[in-house]
Amino acid sequence: MAEQVYSQCFMCSIRCPIKVTVENGQVRFIQGNPHVPGIKGSLCPKGVAGSALVNDPQRVQSPMIRNGPRGSGQWRSASWDEALDYIADKVNKIKEQYGGKSIAFGERAQLSTHVSKTFTRAVLESPNYFSHDALCKGSINTACRSLFGYTDGQIGMDYSNAKHLVLYGRNIFESIQVKPVNQIMDALENGAKLTYIDPRVTVTASKAHRYWMIRPGTDLALNYGLIHTIINERLYDQTFVDNWVKGMDKLSQFIRPYTPEWTEGETGIPATEIREFAREVAKDKPSVIFHMGYRGAHHQNEIHLRRSIMILNSLMGSIEAKGGNFIKKGPGEVDAKPARKLTEQDLPHVDEARFDKVGTPDFPLPDPNHGVAQMLPQAILDQDPYPIKGLFAFRFDPLMSIPDTNFTKKALQKLELVVSIDINYSDIAWNSDVILPESTYLERMDSPQQANSLKPQIFLRQPAISPVFDTLPGPIILKRLAEKMNAGEYFPYNSMEELVDWQLEPTGFCLQDFREKGFVSYTDKSIFWDREDGLKFKTPSGKIEFDSSLLENAGFDSFPEYESASKPKQKDEFRLIVGRCAQHTHVSTQNNPLLNELVPENVLWINSKKAEELGIGNNSLVRVVSGQASGTIKAKVTDCIHPHSVFMLHGFGHESELALRSFNKGVSDATLQKNVTDKVGGSPGLHETFVQVKTA
Ligand SMILES: Nc1nc2c(c(=O)[nH]1)N[C@H]1C(S)=C(S)[C@@H](COP(=O)(O)OP(=O)(O)OC[C@H]3O[C@@H](n4cnc5c(=O)[nH]c(N)nc54)[C@H](O)[C@@H]3O)O[C@H]1N2
Ligand SMILES: Nc1nc2c(c(=O)[nH]1)N[C@H]1C(S)=C(S)[C@@H](COP(=O)(O)OP(=O)(O)OC[C@H]3O[C@@H](n4cnc5c(=O)[nH]c(N)nc54)[C@H](O)[C@@H]3O)O[C@H]1N2
Ligand code: SF4
Ligand SMILES: [Mo]
């Protein structure tokens, strides 16, 4: 008899709601949860391929302890007790010699982040919890806080009702979130317009009404030209700006030199088109969305691009507007309570500075809830502000996700303990001392997701099947390790069900409420605040701060003068740009049997004219050389990319030999990229590396 289990996908971190068909204890089929409006039963290719993950013999099947030099691939299988005792012993030794602060805990922020943070504070006694956030969108986070006092995660977009959507390299039809994709398709069918800007013609570009092949790195100049036109021609929402914006005068003053003609020179986009677009989009205000972006880790001045995008939204009055951006609403809006977190307990106080110096005058603005991951290698090597000797990597691969792998590797060699909690033989697992295998998302329950939006809801990941191998859910692994270190009292549960019950208690919902549909709603109505007098911005002025007190109190200018983006200096030099495809998640899925078959390796997109000049043929091998490393990869010769850039998919070129299908296939972007940072916003500049390309 087939059984249906409602849960949440975790083939990537979007966590789409799913319905899993289970027969005889096996996953038969995975589809989108039909009870969730916007999902319509659909999933992306990766979501469907989740079934191939479960029985893959190339998964980590039990705890593993290193049996030879680090990275040599010599392992022995161990019991949980043995592996956890081994780690506890090493952690205690490091703590005695260097203090708890010398152990860092890095993860991809996830549903049980509250457990990881509790573990870092209460068990390791370290300030050094960090997430992937800065690597992904740290500068968008800081930009949003500087303008609205909210993080990017607290702002949503009402795609379904939008009349014009503007995407700056937000390649949403390939770098997918299922619900927004469906909502955008609906809006397009209802007559909405789509403008897409990217040096590369992506699938999203192919669906757009207007596509601009911008010179790479110059989106900020485009926005300055747009803002110039919008202010000059008074195309903005005067009432909204008068009521809710602080700093309009400063912006008007600053923007004067940045005419559309100036913009044309910088971006390659004709001035007439910029003016026409500004007039067209303004007709649809406030139901227009200039998308803030998802991966906002492109350049070292990223913060100002992301601020300029959100300034455009504010000028359109598209904040807390139907078909625009909105502040996400939590249960407090309906006098209810969110799920409880372990971090709400009375935890030991840790008041030392962080390894990445976030929150100090050196690096004041990035979000201290996440830290800045790419600072880790330098901090380890310089022992500044103090030695780091241990690392936990939980669902996070610093070797492939932090730019400049050789540099990161050099730093890892200085560590006395590297533990990874993973499901795969990832590159970081391969280079660890101990691998602790987590049960896959289809085999485990997770902490409930407090999903704030126009309507607050809670979603729950429920196990579809029992674990196939000797694996455990993350929160149980960390609790058992805490017990080994005499700190079990901070983890008041013996099973995931007990943890979820404890968390749900204040909400008035219980586990049983999730069985039927996989989620619960606090209310049926969309909550919009009153645009006349009901908007609640969390800035010191209570307004949208174009001239930002957050930036200026930290000594940064709200409107620094524009600096031109560099161009390639010689004929065979290109700006390396990267991104995702619909069939893979970052660095996680390249070894999945089904997805590997669809896209087994990455290739290098190169402009046809440039390829001809360099004697490079389609599908021929090319050598890509940066200041950090080099690699050999197949060329994809195409008109669909700007001549100043070459493009490759992120996440290939794995070095872990136990992941047989993905081992050594393609080139890893992280090996080529240099590790540089937007020192205001916090993101790395993943597109700041120039490479030379020659025939191999
Ligand atoms: N060079 C370069 N670096 C980048 C990017 C880039 O484009 N280029 N992109 C950036 C972006 S946008 C992001 S979001 C980050 C993502 O950075 P990461 O979080 O490091 O990447 P992921 O591929 O999402 O996941 C990493 C690890 O999680 C493991 N994993 C998958 N599922 C599970 C699970 O259920 N449990 C456990 N315990 N482990 C699991 C995978 O096997 C993999 O080893 O990388 C950033 N870094
Ligand atoms: N299939 C799939 N979907 C995913 C993910 C996944 O791994 N796989 N990951 C999720 C996550 S964590 C994230 S962060 C998002 C990422 O989603 P996106 O933010 O859409 O990011 P990328 O896929 O990295 O695509 C970046 C695009 O920027 C373009 N680009 C490069 N330089 C410039 C420039 O100067 N200007 C402009 N305008 N564009 C430029 C590149 O050509 C590329 O098409 O996707 C999410 N969805
Ligand atoms: S976007 Fe795809 S892989 Fe990511 S959670 Fe949704 S269905 Fe799963
Ligand atoms: Mo991301």
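Residue-wise test of (1) away from ligand 4 (no atom under 16 Å from the Cβ); (2) surrounded by 19 or more Cβ atoms within 10 Å (Cβ to Cβ); (3) under 19 Å from the mean Cα position of the chain (by Cα).
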position	(1), (2), (3)
SER7	yes, yes, no
PHE10	no, yes, yes
VAL20	yes, yes, no
VAL27	yes, yes, no
GLY32	yes, yes, no
HIS35	yes, no, no
SER42	yes, no, no
GLY47	yes, yes, yes
ALA52	yes, no, no
Conditions (1) within 17 Å of PHE574 (Cβ to Cβ); (2) open to solvent by less than 20 Å² (accessible area, probe 1.4 Å); (3) within 13 Å of ligand 2 (Cβ to nearest atom); (4) not in a strand (DSSP E or B) -> GLU688 fails only (2)
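Of everything in region 638-676, what is of a type in the set (Val, Ile, Thr) and either open to solvent by less than 10 Å² (accessible area, probe 1.4 Å) or not in a strand (DSSP E or B) (or both)? Give them in sequence order.
Pass one, region 638-676, residues of a type in the set (Val, Ile, Thr): 638, 641, 646, 667, 671, 676.
The answer is ILE641, VAL646, VAL667, THR671, VAL676.
Which fully enclosed strands (runs of 3 or more DSSP E) of region 382-475 have 2 or more residues being of a type in the set (Val, Ile, Thr) and touching a Lys or Arg at 6+ places or on another chain (Cβ under 9 Å)?
Fully inside region 382-475 and qualifying: 417-422, 434-437.
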Requiring at least 3 residues that are outside the structural domain of ILE94 (by TED's automatic domain parsing), open to solvent by 10 Å² or more (accessible area, probe 1.4 Å) and within 16 Å of ligand 4 (Cβ to nearest atom), the strands (runs of 3 or more DSSP E) wholly within region 115-177 are none
Selection from region 605-629 of residues among the polar types (S, T, N, Q) and surrounded by fewer than 16 Cβ atoms within 10 Å (Cβ to Cβ) yields SER608, ASN618, ASN619, SER620
Expected output for region 436-452 (first residue in contact (Cβ under 8 Å) with a residue 40 or more places away in the chain, partner open to solvent by 10 Å² or more (accessible area, probe 1.4 Å) and basic (Lys, Arg), Cβ below 7 Å, 6+ apart or cross-chain) is GLN449/ARG15; ASN452/LYS328
GLU613 meets each of (1) within 16 Å of ligand 3 (Cβ to nearest atom); (2) at negative phi; (3) out of contact with any strand residue (DSSP E or B) (no Cβ under 7 Å at 6 or more places or on another chain) with one exception, condition (1)
Filtering region 201-215 down to residues that are open to solvent by less than 20 Å² (accessible area, probe 1.4 Å) and either under 21 Å from the mean Cα position of the chain (by Cα) or hydroxyl-bearing (Ser, Thr, Tyr) (or both) yields THR202, THR204
Per the filter on region 1-58, residues within 14 Å of ligand 1 (Cβ to nearest atom), in contact with a Phe, Trp or Tyr (Cβ under 7 Å, 6 or more places away or on another chain) and assigned to a strand (DSSP E or B) are GLN8
Taking region 267-290 and keeping residues within 14 Å of ligand 2 (Cβ to nearest atom) and surrounded by fewer than 21 Cβ atoms within 10 Å (Cβ to Cβ) leaves GLY268
**Asked** Within region 93-106, is even one residue open to solvent by 20 Å² or more (accessible area, probe 1.4 Å) and at pLDDT below 95?
**Response** no
For this session: Would you be able to say whether some residue in region 640-647 is closer than 24 Å to LYS569 by Cβ and either within 16 Å of ligand 4 (Cβ to nearest atom) or in contact with a Ser or Thr (Cβ under 8 Å, 6 or more places away or on another chain) (or both)?
Result: no
Might you let me know whether region 603-622 holds any residue that is in a loop (DSSP other than H, G, I, E, B) and under 20 Å from HIS687 (Cα atoms)? no
GLN383: passes all of (1) touching a Leu at 6+ places or on another chain (Cβ under 6 Å); (2) at positive phi; (3) of a type in the set (S, T, N, Q) but (1)
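The values are calculated or read from the model by the stated rules, or taken from the named source; none is laboratory data. None of the values given here were measured: they were computed from a predicted structure. Please note: Cβ atoms are built from the backbone with ideal geometry, for glycine as well, and neighbour counts cover all protein chains shown. SASA here: full protein model, heavy atoms, side chains in, ligands and nucleic acids out. Shrake-Rupley method; radii C 1.70, N 1.55, O 1.52, S 1.80 Å.
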